[in-house]
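Note sheet for the following structure.
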Amino acid sequence: MNNITAIIVALGEPKHLLESITSAQKLSSAIVIVDIGLSDSIKQKLKSIEKVTVVEEKSVPFVELIREKTKIYAQTEYVLFLDPDEIIPEALSASLLEHYEKYDYISVPRMNMIFGKWMEHSRWWPDYQTRLFKKDAVTWPTVIHEQPKTTGKGYTLPAEKEYAILHHNYESIDEYLSKMIRYAKSDAENRERYSLKSALSDGTREFISRYFAADGYKDGIHGFALSFLQLMYYGLVYFYFWEQKKYVSEDTDIPRTTQSFFTDIFYQTNFWGIKKNLFSSQESLWYRIINKLLKR
């Protein structure tokens, strides 16, 4: 019998939960579903599935708040963490079974399916996740999307599709925005200070690093949309932070801050566009502006 317990934290009616459970059955001797607000219909279906136990926990805005705590539900030495929208393919399952007892933790690549497309760039691939580990070798922080602290000997699977978790991430704009709002509210609540300048700077860095530096443009409109939405996230965090402060802001020179934001976007877009050979220096906005001024 495998020395692994799979733990899946789930809320509502996850579309891919049953597929996730099925994919974990070959790997695990037990599967624990941590219910943080599952629908009655889903809970009824879970009762008849082999190896599955359901335990209830208080609802949380993001899973990292209880990841570490959920390890108590594993009676085995090893734990497999899965999200309810993640599926383990056959080749990955076989590889994990072959290697897991030789290591304290294993890092696995993850294929993010977003708006119907596998995101191969924009920092969405290979998106390594520590998913299979000894209980005492990994400690999970309570910070959203933060990677765990690991000790001991680790193993990293190759960044190949057959060895990657299939992650049915955001399937619609509504789903993305719904999660973004939830995450941004929680993020704002955990900040003591946050300025508009910092938010715009963080958003600019997020967009440029994803769309240009991480080749997001190669993902077409998907790459642009996701990079832009990530830029918006930090503005939303700031606005929720502002709301929590009863709409009182320490920001005074808003026009200058706004100018700095657009100037930064302008310069970085030109720099990376030329660096990545997306356009020549003669096609850059900066060149066009100078050329137009000289013609005057």
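Considering only the range 1-61, give the strands (runs of 3 or more DSSP E) lying wholly within it that have at least 3 residues that are under 25 Å from the mean Cα position of the chain (by Cα) and surrounded by 17 or more Cβ atoms within 10 Å (Cβ to Cβ). Explain how you work it out, then say what you get.
Values: elements: 4-12, 30-38, 52-56.
By residue number, 4-12, 30-38.
If I filter the range 62-80 down to residues being closer than 26 Å to GLU101 by Cα and assigned to a loop (DSSP other than H, G, I, E, B), which single residue comes out as nearest to the chain's Cα centre (by Cα)?
Result: ILE66.
Could you say which residue among TYR194, TYR217, TYR247 is outside the structural domain of HIS121 (by TED's automatic domain parsing), within 25 Å of GLU64 (Cβ to Cβ) and aromatic (Phe, Trp, Tyr)?
Just a single option satisfies the conditions, and that option is TYR194.
In the range 120-211, which strands (runs of 3 or more DSSP E) lie fully inside it and hold 3 or more residues that are in contact with a Phe, Trp or Tyr (Cβ under 6 Å, 6 or more places away or on another chain)?
Answer list for the range 120-211: 129-134.
Looking only at the range 246-275, filter to residues that are modelled with pLDDT of 95 or more and outside any helix (DSSP H, G or I); which one of those is nearest to PHE207 (Cα to Cα)?
TYR247
Could you grab the pairs with beta carbons closer than 6 Å, sequence gap of 6+ or different chains, first residue in the range 31-58 and under 12 Å from ALA6 (Cα atoms), second one hydroxyl-bearing (Ser, Thr, Tyr)?
Every condition considered, the pairs that remain are VAL32/THR53; VAL32/TYR73; VAL34/THR70.
When you look at THR263, is it touching a residue at least 40 places away in the same chain (Cβ under 8 Å) and of a type in the set (Val, Ile, Thr), yes or no?
Answer is no for this residue.
The values are calculated or read from the model by the stated rules, or taken from the named source; none is laboratory data. Please read all numbers here as calculations on a predicted model, not as lab measurements. Using ideal geometry, Cβ is built from the backbone for each residue, glycine included, and neighbour counts are taken over all protein chains shown.
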